[in-house]
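Student: Please find one structure pasted underneath; my questions will follow.
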Amino acid sequence: THARRRSTSPSHYECIAYPPTSYISPKHCTARFNPPRPIPRLRLLATMPPRAGSVALATGLLLWLGPCLAALKDIDKGKAGGAQSFKLGDTVKLECKDWETGAWGKGPICKETGDEFAITFGYNNFVYCGMEITDTAFYNHLVSIIKMDKTWQCRIPMNKRKDFYVPFTIPVWGVVEPDHVHVDNHLNYVLHVDNGNIVAATAYPVHDRFQFAKAGSLVSMHGPVRFFDRGSYQSLAGSGSAFVTGREGSFSPTVALALCSLTSAVTLFAAAVIYQRRLKPRLIKKCLKNK
C-alpha cells in the first residue's frame with residue numbers, strides 16, 4: 001500500500017567464495033542496498049497536483065447541479081409573468097360582443113352546465129359545449145355569420161389582470177336553408193402562451209358533421225384545445241416550460257425534476273468511478289515518476 005523509493009548506490013557488498021580461499025574476486029560478491037524507505041500516504045497525497053481533487057469535485061457538482069437548476073428555472077417560469085399571470089389549471093373565460101347593443105359581455109352559455117364557455121389554461125384537452133339557439137334573433141345572427149355578413153367578435157384576457165385582451169373570433173361554417181341551417185359543429189382551438197400570458201388565440205372549423213339547427217335547437221360544439229410555447233408550434237406540454245402538465249401523455253414539473261436529478265446522479269457516479277479507476281492512478285504514477 002506504500003510507494004517505495006530505492007537508493008541508487010549500494011550500501012555494502014556480501015562476498016562468498018566456494019571453496020573457501022584467501023582470494024575473493026568481484027564475481028563472488030553481491031551488491032546490497034539499504035531497505036526501501038516507505039513514503040507515507042499523507043506525504044504522497046501532498047505531492048499530487050493541489051487542484052486535481054478540487055477540479056474533479058467541482059466538475060461533478062456542476063454536472064449534477066447544472067441541469068437541475070435549469071429545470072428549476074423552467075418550473076419557476078410561470079412566476080416570471082407576475083402574480084397576475086395564468087397558472088396551470090386556471091379557468092379562462094371568453095368575452096363576446098353583444099350583436100344588438102355592441103357591449104362586451106359573457107361568451108356562449110353551455111346548456112349542460114349553465115356556465116360560460118371556458119378553457120382550462122395549460123391543458124391540452126377536449127372541450128364540449130351545447131350551444132342553444134335561444135330565439136329567432138340569435139338564429140338570424142347565426143345565419144349572418146354563416147353568410148359572412150357579420151363576425152362573432154370575442155376576446156380572451158391576456159392574464160388575470162384583464163386590462164389587455166387578445167382578439168378571438170368564433171367562426172361558424174354551414175349551409176343556410178330557407179327555414180333552417182346546417183352547422184359544422186367541430187372547432188379546433190389554438191392558444192400561444194409566454195410566461196403565463198396568452199399572446200395569441202384562434203379557432204377554426206374542421207369538416208366533420210353538419211348539424212341541423214333552427215331556433216330552439218341545441219348545437220353540440222366540440223373540439224380539441226392545444227397550447228403552444230410562445231410564437232412557435234412546439235407543444236407547451238413538451239417545451240420544458242412551467243406548464244408541462246397535460247392530460248394527454250405529458251408530464252409534471254415534479255417528474256421532470258426527478259428525472260433530471262436521477263440523470264445527474266448517474267453522471268456524477270460515473271465521473272467518480274472514472275476518477276478513482278483511471279485518473280487517480282495515473283496522477284499517482286506521474287507524481288512518483290517526477291519525484
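Student: Can you tell me how much longer the chain between residue 179 and residue 269 gets when fully stretched, taken as 0.36 nm per residue apart minus their C-alpha distance, in nm with one decimal?
Tutor: Going from the current span to full extension adds 24.9 nm.
Student: Something else: On alpha carbon coordinates alone, what is the Rg over Rh value for region 92-183, Rh being the Kirkwood radius?
Tutor: Rg/Rh: 0.98.
Student: Determine the equivalent ellipsoid of region 133-235 by diagonalising the alpha-carbon gyration tensor, then write out the semi-axes as square roots of 5 times the eigenvalues, largest first, rounded to whole Å.
Tutor: Numbers: eigenvalues 178, 47, 21 Å².
Semi-axes, largest first: 30, 15, 10 Å.
Student: Next question, about the same structure. For each pair in 87/214; 160/214; 162/214; 93/214; 97/160, compute the distance between the two Cα atoms and list the pairs where it is over 30 Å. Walk me through the numbers on the way to the answer.
Tutor: On the way: 87/214 39 Å; 160/214 36 Å; 162/214 35 Å; 93/214 26 Å; 97/160 20 Å.
Pairs exceeding 30 Å: 87/214; 160/214; 162/214.
Student: Could you calculate the FRET efficiency of residue 280 with residue 87 from 1/(1 + (r/R0)^6), where r is the beta carbon distance between them and R0 is 51 Å, rounded to 0.05?
Tutor: Here the calculated transfer efficiency is 0.55.
Student: Further question: Under a Cβ-Cβ cut-off of 12 Å, what is the net charge of the residues other than residue 165 that fall near it, where Lys and Arg count +1 and Asp and Glu count -1? Don't jump to the answer; show the numbers that get you there.
Tutor: Values: positive: 93, 97, 155, 161, 162; negative: 95, 163.
Around residue 165, the charge tally is +3.
Student: Per the 1.4 Å probe, what fraction of the accessible area of region 184-233, in percent, lies on carbon and sulfur atoms?
Tutor: Summing carbon and sulfur atoms, their accessible area is 51 percent of the total for region 184-233.
The values are calculated or read from the model by the stated rules, or taken from the named source; none is laboratory data. Source: prediction; values computed, not measured. Virtual Cβ from ideal backbone geometry, glycine too; neighbours counted across all protein chains shown. For accessibility, only protein heavy atoms count, side chains too; no ligands or nucleic acids. Shrake-Rupley method; radii C 1.70, N 1.55, O 1.52, S 1.80 Å.
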